[in-house]
Structure formats: C-alpha cells, structure tokens
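The block underneath contains the structure these notes are about, expressed in structure tokens.
The values are calculated or read from the model by the stated rules, or taken from the named source; none is laboratory data. Since this is a predicted model, take the numbers as computed values, not measurements. Backbone-built Cβ (ideal geometry, glycine too); neighbour counts: all protein chains shown. What goes into the accessible areas is simple: the full protein's heavy atoms, side chains included, and nothing from ligands, DNA or RNA. Shrake-Rupley method; radii C 1.70, N 1.55, O 1.52, S 1.80 Å.
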There are 2 protein chains.
Amino acid sequence: MDKFKKYRSDTGYSYTLGLSPTVELLAAMPRQVLCVCVSERYVQRDEDLNIFERCEALGVRCERDERTVGRLADKENVYVIGIFEKYQSALDPALPHAALVCPGDMGNLGTIMRTACGFDYLDLALIEPAADHFHPKAVRASMGALFGMRVARFASFDEYLAAFPGRAIYPFMLDGRFELHELAAPVQAAHTLVFGNEATGLDGGFHAYGSSVRIAHSDRIDSLNLSVAFGVAACHFHALSGKRHNPRSG
Amino acid sequence: MDKFKKYRSDTGYSYTLGLSPTVELLAAMPRQVLCVCVSERYVQRDEDLNIFERCEALGVRCERDERTVGRLADKENVYVIGIFEKYQSALDPALPHAALVCPGDMGNLGTIMRTACGFDYLDLALIEPAADHFHPKAVRASMGALFGMRVARFASFDEYLAAFPGRAIYPFMLDGRFELHELAAPVQAAHTLVFGNEATGLDGGFHAYGSSVRIAHSDRIDSLNLSVAFGVAACHFHALSGKRHNPRSG
C-alpha cells in the first residue's frame, strides 16, 4: 500500500478517523476515496456495516493495515481510516449560504459544518485566512457532514460577493442593528449568514454589507461561542424559512 | 509559596488559566482565591487592568512565580493563573435551571456554562457521572462564566427532582413530543431544560418527566452537538420569557 503520511495542509489528501465518518465519506464521495485502512484490532460489531463488503461494492481498496492506521490515528482510539483526495466544490447561487470570515479553530469549523448541514445550509464560504476544512480534526468534528456540503474558499469577502451578487447578507455582530428575533419576515432563499473570527468577530465595516444582526444575551458574558452563535442563528433562520423537519415522521 | 500541583479532581483547589478568567474569578469569588501567580514573562498591556493592584485591594496574594505557572499551565501560553478553593453552591428554586445528565466532555460543559450564563440560566444541575465543572479545561471553556453561576451535582435525576419539586421539566430528546418552535406559551420561571450525554442522549424514560422537546433538523445529521443544541434551546426559551437584552443600550 502507498505510504500515506500524517496530514499536512499542502498534501492532496486527507482522511476520516473512525468507522462512522468513513461510512459517510463512502456514501457521499466514493470516487474521492483512495483507500480504507482497517486496524488489526478492528472487530466488526453487530450494528456495524461490513466495511470490506461496502468498499468492494464501490470498487474502493480496503485493507488491514496496522501501520498506516497507527501513523495517521495520532494517539486516537481509531480502527478505521478513510483516505480521500481533496476536492473543490462550487457553491449553489440559488441556495442559502453560510460564510465564515477567518475562522481560526478547526473544532469550531467542524461543529459548524455539522450544524449547517442539519439546518439546510449546505453551501459554506470560507474567507481566508481560514482554518483548513479538510484537516482531520475539522472532518472529525463535522462527523462527516463535510462530505454532504459544498465548501469554497475566497481570498476576501468582496471576492465572495462579486462571485455571488444580489444576495441578502446578514452579518452577525455584537452591535448588529436587528435582534435575531425581530427578523420575522420570510427570508429569500439566496441569503448568506456571515460570522467573524472567534476572538475578533466582524469589523464595523460589515454593517454596510446588509442587515446586521445581534443575538441578544446578558452582559454577564462578552460573547457566545462561535459555533453556538452559528447554531442559534441557523436554527432560527431555518424555522423562519418554514422548512420544519419532523424527525419522527422521517 | 505553597506548592500547588497539577489539577486532580480530588484536590480541594482548581485554577483559572489566563488573565481574563482570573479577573472574572477575582470579581465574583474573591474569598475563594488562594493566590494569583504571574509569570516572569507577563508584561502588562495598556488595556489590561493591573492584576497586582486588583489583588492587593482584595487582600489576595499575588506573586511572580514562574515555576507554579509553568507547572500548572500545561504547555498553554498562559502568564496569569488564579488558584481557588472549590466551593459548593445551592441552586435557586425560584429560577430557571439547566440540567445536564451525565455530560462527558469538559469543553462542552464549559461552553454550556458560558452559554447558560448568557441566556440567564444561572443555575446548573449536573447528574452523575458528569464531567468535573471545576476542571481547568471546563473553567477555561466557560471563559469564567462558572463563577457567576450556581452549579450543584446530584447522584441521579430523581434526586434532583426530589430536591426541586413542582418544576416544569423540558427533556430535550431526538424524538421529543413537541418541536421547540411549537412551544409558544410563556414558560413558568421555575422550569428546567434537561439534556443528556453527548453520545447517548436521554433514555426514553425521560418522556415521562415532562414535556419532551425536539429541535427539528434534517436527517443529514444524526444529532446536533450538545453545546449547540443547548444554545439553541436556551436562546429560544430566553426569547419566549420576554427578557430580551439589548447589548447596545447596555
């Protein structure tokens, strides 16, 4: 088997750590998968699918390979790793977008991808410098949601705007003009929720891009955690848009 | 100076890592502070308060102590550490509570404390086995919000209920009977938002404790991250209760 090295942002591949995100990867992006490595210690449980059969059906190489798993797992208790070629995506201009301006934390980024996917924000713009969405930590925190989304990176917010003109822009800011719950009007599908960096937020210039929004909270805290703020916003907009899912009826 | 050791859950003290949570600690719990240790490398910036003067005014010992900072900081880039005696709190029966049943992750627990504080859930019940809310990782993720709250631990949810009878209980479950946004009625102050463990959630028995609630999301994800789900719920209940804060007017 090829010798896959520990992740670096400049290599062309990344990987999923664990059975569950590897299954998500195989379901969403089978052609991107270079191979699946399974530890000698992996024992299939009754509720697990048969990873070897699944790979065979998809024409994906799947082998017991203790050394590769050990090298890539990085002390984590992981028995299955899916190695995939990185890919580019184009955002859908007709759909809702999330945009993160200079997010710094890979865990937050992954959690936001998971949340975005849950509230039908399947298109994510990252404004540089931004955490690497293909980093195994981000992939892991996303629980594989990354593979069901389109993620694209832009050198600046203006470059993003030029590529997607005419959208309703909602920058989330501590001093936003509208409180989230005041936004009762239906939202046009082509809108973008914009969030800044964990420590610095969005600079004042973002008020000019659209309807800036604040999430009211007490002054006992300086701000909400970025992924919590994103979740609150995305859930509210999702509810406004009326596309209420009912997990009980499927 | 006494020799303070790296954190262990069975020692009587814990500590804040960094200037900002140490300042929160001094403001909220000055009598619990055993001492403040400052690295030789710490240089006060213009926007920082003078930690030495603040401590002196409070009668708290504050010393340059490179070795203690080095020992406790655990590779983090931290120059100020506040060491405090752990304390017990009693929850206020008249106020809204959050209850976490067996939370496993200290980062999630800290983020939830920060969020809870922001949405006026100042009373937090932890049902054992639960992550240690005094662990430096939880304190850090809370950004010091812990010190503005009351946190109490209970051997079981039934023990919690026996101590606080007559409350409106809202267990958050993937198959909750009510979707969050259906809950339009005003909420009684003495209510409790209940969340389960990150991996397992609440068991089916929790339907019987009150009005179980689900947060509608697409079936593209299995569940929301626990701290995101808590944020969505707490923000919505906070808005329902009508106590909207406006950070722009203070």
- B:LEU174, sole failed condition from (1) part of a helix (DSSP H, G or I); (2) within 10 Å of chain A (Cβ to nearest Cβ): (1)
- Consider B:HIS181 against the criteria (1) within 8 Å of chain A (Cβ to nearest Cβ); (2) touching a strand residue (DSSP E or B) at 6+ places or on another chain (Cβ under 6 Å); (3) touching a residue at least 40 places away in the same chain (Cβ under 8 Å): it satisfies all of them except one. Which criterion is unmet? (2)
- Across the range B:227-250, which residue is nearest to the other protein chains (Cβ to nearest Cβ) among those that are modelled with pLDDT of 75 or more and open to solvent by 20 Å² or more (accessible area, probe 1.4 Å)? B:HIS236
- Are there any pairs, at least 6 apart or on different chains, whose C-beta atoms fall under 9 Å, with the first in the range B:201-220 and within 14 Å of another protein chain (Cβ to nearest Cβ) and the second buried (at least 17 other Cβ atoms within 10 Å of the Cβ) and acidic (Asp, Glu), and if so, which? B:VAL213/B:GLU179; B:ARG214/B:GLU179; B:ILE215/B:GLU179; B:ALA216/B:GLU179; B:HIS217/A:ASP120; B:SER218/A:ASP120; B:ARG220/A:ASP120
- Expected output for the range A:124-148 (first residue of a type in the set (Ser, Thr, Tyr), partner open to solvent by 10 Å² or more (accessible area, probe 1.4 Å), Cβ below 7 Å, 6+ apart or cross-chain) is A:SER142/A:ARG114
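Residues that are of a type outside the set (Val, Ile, Thr) and surrounded by fewer than 21 Cβ atoms within 10 Å (Cβ to Cβ): list the strands (runs of 3 or more DSSP E) wholly contained in the range A:33-151 that include at least 1 such residues. Give the steps one after another, and end with the answer.
Values: elements: A:33-38, A:62-64, A:80-85, A:97-101, A:123-127.
Answer list for the range A:33-151: A:33-38, A:62-64, A:80-85.
Give A:CYS55, A:CYS102, A:CYS117 a once-over and let me know the one that is within 15 Å of A:LEU193 (Cβ to Cβ) and either within 14 Å of another protein chain (Cβ to nearest Cβ) or not hydroxyl-bearing (Ser, Thr, Tyr) (or both). Don't jump to the end; show me each part of the working.
Details: A:CYS55 fails: within 15 Å of A:LEU193 (Cβ to Cβ); A:CYS102 fails: within 15 Å of A:LEU193 (Cβ to Cβ).
Unique residue meeting the criteria: A:CYS117.
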